[in-house]
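S.K.: For reference, the structure I am asking about is given below.
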Amino acid sequence: MQITVNINGASETRDVEPRRLLVDFIRSDAGLTGTHIGCDTSSCGACTVLLDGRPVKSCTVLAVQADGSEVKTVEGLAEGGELHPVQAAFKEHHGLQCGFCTPGMMLVGSALLEGNPDPTDEEVRWAISGNICRCTGYMNIVTAIQAAGGEGS
Amino acid sequence: MTTVHEPRTSPEVGGIGHSVRRKEDDRFIRGAGNYLDDLNLPGMLHMAILRSPVAHARINSIDSSAAMEIEGVLAVITGEALAAHGLAWMPTLSGDTQAVLATDKVRFQGQEVAVVIATHPYIAHDALSHIDVDYEELEAITSPQQSLATSTLIRDEKEGQTDNVAYTWEAGDQDSTDAAFAAAARVVSLDTHYPRSHPAPLETCGVVADVNSITGQATIYMTSQAPHAIRTVFALVAGLPEEKIRIVTQDIGGGFGNKVPVYPGYVVATAASLLIGKPVKWIESRTENLISTGFARDFHMHAELALDGDNRITAMRAGILSDQGAFFSDAQPTQFRAGLFHICTGSYDFPSAHVTAKGAYTNKAPGGVAYRCSFRVTEASYLIERLVDNAAHEVEMDPADFRALNFIKEDQFPYLSPTGFVYDSGNYHGAMDKAKEMIGYDGWRARQAEQNADPDATKLIGIGVASFTEVVGAGPSRQYDILGLKMFDSAELRIHPTGKAILKLGVQTQGQGHETTFAQIVAEELGIPYSDIKVMYGDTDNTPYGLGTYASRSTPVGGAATAVVSRKIRAKAQKLAAHLLEAAEEDLDWEPGKFTVKGTDQSVTIQEVAFAAYTNHPVGMEAGLEGVTYYDPPNMTYPFGTYIVVVEVDTGDGTWKVLEMVAVDDCGVRINPMIVDGQIAGGLTEGFAKANMQWITFDDDGNCIGSNFMDYLVPTAWETPRYQLGETVTPSPHHPIGAKGVGESATVGSPAAFTNAVIDALWSKGVSNIDMPVLPHRVWGALNGVEASP
């Protein structure tokens, strides 16, 4: 069936199978490979995108469910060539190593900061508890998100 | 010697000691990494693998006709088809054989049976359910004890194999050890199982094989920690000419040992591309990753310490039974059948040890990879650190004091261990003292005494100590090879006319930050800013041969190669500088980035020298400024540290939480302190994971429990403790820049600290051991005298 999804401000209209996953739509149809796949069970959060502003795991959303919606992926975080504060803070505070979980972590972080620009350590940890990182031990991710909040406020 | 390295270069140059921000991050934070699954080639086909649903069965027949009817399916490949090309079996990194696609039997649940090649990944996966395999089930052997007791032969296809023993091995000296035990005032023993685990990098394994049917050129993009060795293995397995094989590893989403071996999927995808003439992509699902590739650990360990009347250790015995799964495929040096497990005498000074090891085949996935570990050093460290802790409790000494009494002393290095390692350097008392001070050890002991003294207390404090010694940086060629390939590593450095540089490495990052750290080594040696140095790796056509990144060997071996090649170039630069300054070479002083004529202000920069190498080189000297080094390390390096954890155990429900943790690491000179701390924090979390939740087990039929992230628990930010990190610096005396390697220390050292902390809380209740993961029901069972189910 035909769907139209606005991804990072650009409209993507495609004919898709009803079973097509949103993550495959984003990666294969829209060609935005910054969104990653790390598991098959909605456990790891590598595929996290913002669907109408809210974090979702795009491996657990059908592409047809996103028809008419706005999706933001990591490629849409920077605006006008300016890094989002979360992106800059991840680099500054060594919040990433292999980089595979990073897009999902940054999107969740940015969504958290939208509603809570000064989150506590616990609030950040709870917010990102649906996202797995195997490299960093999370400490620097938490620091980076908090620092980005400080930047924005 | 304990020193802290003060940077001698400016922050702009960014040499050793500067926490410069990572160069590679610019693409990762923009979602512009190049991971394997991001690669799409024109006309590319997709492969899906049919896996055995049972652990042990004879294959009577495979009918793929219905799958072939599906539109979009181009081929179904079975073991029989591969056998026609001599590809049904392949060698493992331990010199055993492993089925690529099963022909006679399946030997573990999840084993590769057939593949579908289709135009779309969804179609390839759809078609799997249309392949009909007739299995005749056999007894599933799910433990090494069962394996050694049964008459059922797992590897019945192997000529000369009459039992289920995969290997036997020993180290140390039995006679002197027996004598020491006979004379001992006390013997302390421990039986423990280091459970099966899986590295589970967030990116699974995969391959895009692109074999050009006209030229025969095979370009294989894959998730490999060891691309050069893989190229050679492919040449040997597939009989392809090695110059026509190019392995390309792009960005890798974590490895931790999982991406060292050659997996059947890589081989079949390459064969399929060769057969069909189009690129073929295979990307593992998470379940495939967890059930079929790269398990780690699974050591059943018994060990004893002999003590004299003064509580000094006089000898150690250790006996290991390892569960190897269906194929013996440990990625480890050829000479060492149980890896470097014989480092199990740890940080302690005693004259005698004897270690025996036996591996058994079982109906489980193969692997035996060094999961964030230098070839079984993790199991070794866990064993000795659990054992000394129990010994301290048995002789009623403080565990920190017992360790300090028995540590190898600073003036004993280099130290020959009873199993034959020559520890290069160490200051174990220094790390212990620092860790105790940072955590406020005596204060915690006082609080513990007070809180635990209350007979009605339901929250007990436990303090766990672990003082690990690692052995990393494999390794000297006289002892270390994999499949005959000596474990040197390489660096090629080219300085361009404008003074910018390109550094090509034989090692392979999976997130450790090589693009930054290795540029910093060049910056230190030549004074060229790290930001002017491009670091390349992971393309076998365009980088020098090396054995890759695992076992914390990048900095000890590849980092040494980088320093040495930089110094070679500096020697030539000095000749060029002498020519430019019209001075004698020996009259020049060097500081990073500049030669100066002694006693004058006449100088040339390294950039000016580089330009001259291409525009104004003296008669009789070759043009250019470049070099390559293959570094054969004279010894291993021996990082160490002391970790102290304070936990609170709830005796009501058996849960425990970390109240405070301090990790003091000594990895020698730290090139980029920020990156080093990042490696340690990540490693501590993987150690916590294994102590607290993360394991893979099987039911009696050989079904894998832990085949996805809902059953195989890895810690999220919510469960993960916070850590305080500290350091001491004892440079490696034989490494060109004094570095030792750090990627794995925390995963090696920390599991015992967590378990020791729980046992420390419960010792007075009669609990002397709980195997990892230290799950609540196990804690509760131990406290209440109830045999806990797994």
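S.K.: Looking at the square roots a ≥ b ≥ c of the eigenvalues of the Cα gyration tensor of segment B:290-445, which shape do they give, rounded for a/c under 1.5, prolate if a/b is larger than b/c, or oblate? All intermediate terms of the calculation are to be shown ahead of the outcome.
M.R.: On the way: a/c = 1.96, a/b = 1.81, b/c = 1.09.
Verdict is prolate for segment B:290-445.
S.K.: Related question: Please report, in whole Å, how far the alpha carbons of the protein assembly as shown spread along each principal axis, starting with the longest.
M.R.: Between the extreme Cα coordinates on each principal axis of the protein assembly as shown lie 85, 78, 64 Å.
S.K.: Using a 10 Å cut-off on Cβ to Cβ distances, tally the other chain neighbours for every residue of A:97-110 and report the average as a whole number.
M.R.: Whole-number average of other-chain Cβ neighbours for A:97-110 is 6.
S.K.: Take the alpha carbon atoms of segment B:7-64, find their center, do the same for segment A:56-124, and report the distance between the two centers in whole angstrom.
M.R.: A separation of 21 Å, based on Cα centres.
S.K.: Quick one: Debye curve from the alpha-carbon atoms of segment A:2-76 only, equal weights, vacuum; give me log10 I(q)/I(0) at q = 0.13, 0.15 Å⁻¹ to two decimals.
M.R.: The calculated log intensity ratios at q = 0.13, 0.15 Å⁻¹ are -0.29, -0.40.
S.K.: Dipole size in debye (nearest 20) for segment B:415-569 around its Cα centre, Lys and Arg Cβ +1, Asp and Glu Cβ -1?
M.R.: So the magnitude is around 400 debye.
S.K.: Skipping prolines and chain starts, which residues have an amide H placed within reach, meaning under 5 Å, of the one on B:A88, given they are 5 or more residues away or on another chain?
M.R.: B:A83
S.K.: Need one number: convex hull volume per residue for segment B:497-607, Cα atoms only, in Å³. Write out the running numbers ahead of the final one.
M.R.: Values: hull volume 11.4 nm³, N = 111.
In segment B:497-607, the Cα convex hull volume per residue is 103 Å³.
S.K.: On to the next question. Sort B:H496, B:H734 from largest to smallest accessible area, using a 1.4 Å probe on the heavy atoms of the protein chains.
M.R.: Reading off the accessible areas and sorting them downward yields B:H496, B:H734.
S.K.: Same structure again: Suppose every K and R has +1 on its Cβ and every D and E has -1 on its Cβ; what is the size of the dipole of the protein assembly as shown about the Cα centre, in Debye to the nearest 20? All intermediate terms of the calculation are to be shown ahead of the outcome.
M.R.: Details: 68 positive and 117 negative charges, 265 e Å.
Here the size comes out at about 1280 debye.
S.K.: Rounded to the nearest 500, what is the protein assembly as shown's calculated 222 nm mean residue ellipticity when only DSSP H runs of at least 4 contribute -39500 (n - 2.57) each, over all residues?
M.R.: -8000 deg cm²/dmol
S.K.: Let me ask something additional. What is the helix-to-structure angle for A:139-152, meaning the angle in degrees between its Cα long axis and the longest Cα principal axis of chain A, kept from 0 to 90 and rounded to the nearest 10?
M.R.: That works out to roughly 90 degrees.
S.K.: Turning to a different aspect of this structure: How about B:K158: which lysines have a C-alpha closer than 16 Å to its C-alpha, ignoring those fewer than 8 places off in the same chain?
M.R.: In chain and number order, the partners are B:K105.
S.K.: Ok, one more. Once amide H atoms are placed 1.01 Å from N in the peptide plane, what residues at a sequence separation of 5 or more from A:E12, or on another chain, have their amide H within under 5 Å of its amide H?
M.R.: Close amide H contacts, sequence-distant or interchain: A:V5, A:N6, A:I7.
S.K.: Between the alpha-carbon centers of segment B:281-340 and segment B:611-628, tell me the distance in whole angstrom.
M.R.: Here the answer is 51 Å between Cα centres.
S.K.: Can you give the accessible area of A:C39 in Å² (nearest 10), computed on protein heavy atoms with a 1.4 Å probe?
M.R.: 10 Å²
S.K.: Taking the solvent-accessible surface of protein heavy atoms with a 1.4 Å probe, what is the per residue accessible area of segment A:2-76 in Å²?
M.R.: Details: 3020 Å² over 75 residues.
Using a 1.4 Å probe on heavy atoms only, each residue of segment A:2-76 averages 40 Å².
S.K.: Would you mind listing how long segment B:125-202 runs along its three principal axes, going by Cα atoms, in whole Å with the largest first?
M.R.: That gives 67, 40, 19 Å along the principal axes, largest extent first.
S.K.: Separate question: Relative to the Cα centre, what is the charge dipole magnitude of segment B:191-347, using +1 at the beta carbon of each Lys and Arg, -1 at the beta carbon of each Asp and Glu, and rounding to the nearest 20 debye?
M.R.: 440 debye
S.K.: So, in Å, what gap is there between the alpha-carbon centers of segment B:428-464 and segment B:576-604?
M.R.: Comparing the Cα centres of segment B:428-464 and segment B:576-604, I get a distance of 58 Å.
S.K.: Under a cut-off of 24 Å between alpha-carbon atoms, report the lysines in cross-link reach of B:K534, not counting same-chain residues fewer than 8 places apart.
M.R.: Excluding near neighbours in sequence, the set is A:K91, B:K23, B:K500, B:K504, B:K568, B:K572, B:K594, B:K740.
S.K.: List the longest stretch of chain B that has no exposed loop site; here a site is one of the GluC sites (Glu not before Pro) assigned by DSSP to anything other than H, G, I, E or B, with at most 10 other Cβ within 10 Å.
M.R.: Numbers: sites that count: B:E69, B:E71, B:E159, B:E396, B:E582, B:E622, B:E787.
Segment B:160-395 is the longest.
S.K.: Starting at the first residue of segment A:105-117, write each ³J(HN,Hα) from the Karplus equation 6.51 cos²θ - 1.76 cosθ + 1.60 with θ = phi - 60°, in whole Hz, x for Gly and Pro.
M.R.: 4, 5, 5, 4, x, 5, 5, 4, 5, 4, x, 8, x
S.K.: Work out, in µm²/s and without decimals, the Stokes-Einstein translational diffusion coefficient of segment B:677-733 at 10 °C, 1.306 mPa s, Rh from Kirkwood over C-alpha pairs.
M.R.: Approximately 116 µm²/s, per Stokes-Einstein.
S.K.: Just counting partner chain Cβ atoms within 10 Å, what average do the residues of peptide B:118-125 show around their Cβ?
M.R.: Neighbouring Cβ atoms belonging to other protein chains average 1 per residue here.
S.K.: In whole Hz, with x marking every Gly and Pro, tabulate ³J(HN,Hα) for segment B:480-496 from phi via Karplus 6.51 cos²θ - 1.76 cosθ + 1.60, θ = phi - 60°.
M.R.: 10, 8, 10, 6, x, 7, 5, 9, 6, 8, 9, 8, 10, 10, 10, 9, 7
S.K.: Find the all-direction average of the projected area of the Cα convex hull for segment B:1-156, expressing the result in square nanometres with one decimal place.
M.R.: 17.8 nm²
S.K.: At 15 Å minimum axial length over the Cα atoms and a Kyte-Doolittle cut of 1.6, report the qualifying DSSP H helices in chain B, or say none. The partial results should precede the final answer.
M.R.: Values: long enough: B:227-238 (16 Å, 1.24); B:264-276 (18 Å, 1.62); B:377-394 (25 Å, -0.12); B:428-439 (17 Å, -0.65); B:441-453 (18 Å, -1.82); B:514-526 (17 Å, 0.02); B:560-581 (31 Å, 0.36); B:673-692 (28 Å, 0.27); B:745-762 (27 Å, 0.92).
Both cut-offs are met by B:264-276.
S.K.: Let me ask something additional. Arrange the residues B:H735, B:H579, B:H300 by how much accessible surface each exposes, largest first, with a 1.4 angstrom probe.
M.R.: B:H579, B:H300, B:H735
S.K.: What are the semi-axes of the equivalent ellipsoid for chain B, taken as the square roots of 5 times the Cα gyration tensor eigenvalues, largest first, in whole Å?
M.R.: Gyration-tensor ellipsoid for chain B: 41, 39, 22 Å.
S.K.: In addition: Can you tell me the relative contact order of segment A:85-152? Whole percent, Cα pairs under 8 Å, sequence separation 6 or more. Show your work: numbers first, answer last.
M.R.: Numbers: 83 pairs, mean separation 36.9, N = 68.
Computed value for segment A:85-152: 54 percent relative contact order.
S.K.: For B:V395 paired with B:H193, estimate the spin-label separation in nm (one decimal), with each label point 7 Å from Cα along the Cα-to-Cβ line.
M.R.: A separation of 3.1 nm, rounded to one decimal place.
S.K.: When the convex hull of the C-alpha atoms of segment B:223-330 is computed, what volume per residue in Å³ does it have?
M.R.: 172 Å³
S.K.: For chain B, what is the relative contact order in percent, using Cα pairs closer than 8 Å and at least 6 residues apart in sequence?
M.R.: Once normalised by length, the contact order is 16 percent.
S.K.: Evaluate peptide B:17-26: per residue, the Cβ atoms of other protein chains within 10 Å of its Cβ; return the mean as an integer.
M.R.: Mean inter-chain Cβ contacts per residue within 10 Å come to 3.
S.K.: Now for a separate question. Show the residues, 5+ positions off or on another chain, whose built amide H is closer than 5 Å to the amide H of B:R186.
M.R.: Result for B:R186 returns B:L307.
S.K.: I'd like the Karplus ³J(HN,Hα) series for segment A:32-48: coefficients 6.51, -1.76, 1.60, θ = phi - 60°, whole numbers in Hz, and an x wherever there's a Gly or Pro.
M.R.: Each residue's phi maps through the Karplus curve to give 9, 8, x, 8, 10, 10, x, 7, 10, 10, 6, 9, 9, x, 5, 9, 4 Hz.
S.K.: What three numbers, in Å, describe the spread of the alpha carbons of segment A:85-152 along their principal axes, ordered from the longest?
M.R.: 27, 22, 17
S.K.: Remind me, relative contact order of segment A:2-76 in percent, using alpha carbon pairs under 8 angstrom and six or more residues apart? Show your work: numbers first, answer last.
M.R.: Working: 143 pairs, mean separation 29.9, N = 75.
In percent, rounded to a whole number, it is 40.
The values are calculated or read from the model by the stated rules, or taken from the named source; none is laboratory data. Only a predicted model underlies this, so the values are computations on that prediction, with no experimental measurement involved. Neighbour counts are summed over all protein chains in view; Cβ atoms, including those assigned to glycine, are modelled from backbone coordinates with ideal geometry. These area figures cover heavy atoms from the full protein model, side chains too; ligands, DNA and RNA do not enter into them. Shrake-Rupley method; radii C 1.70, N 1.55, O 1.52, S 1.80 Å.
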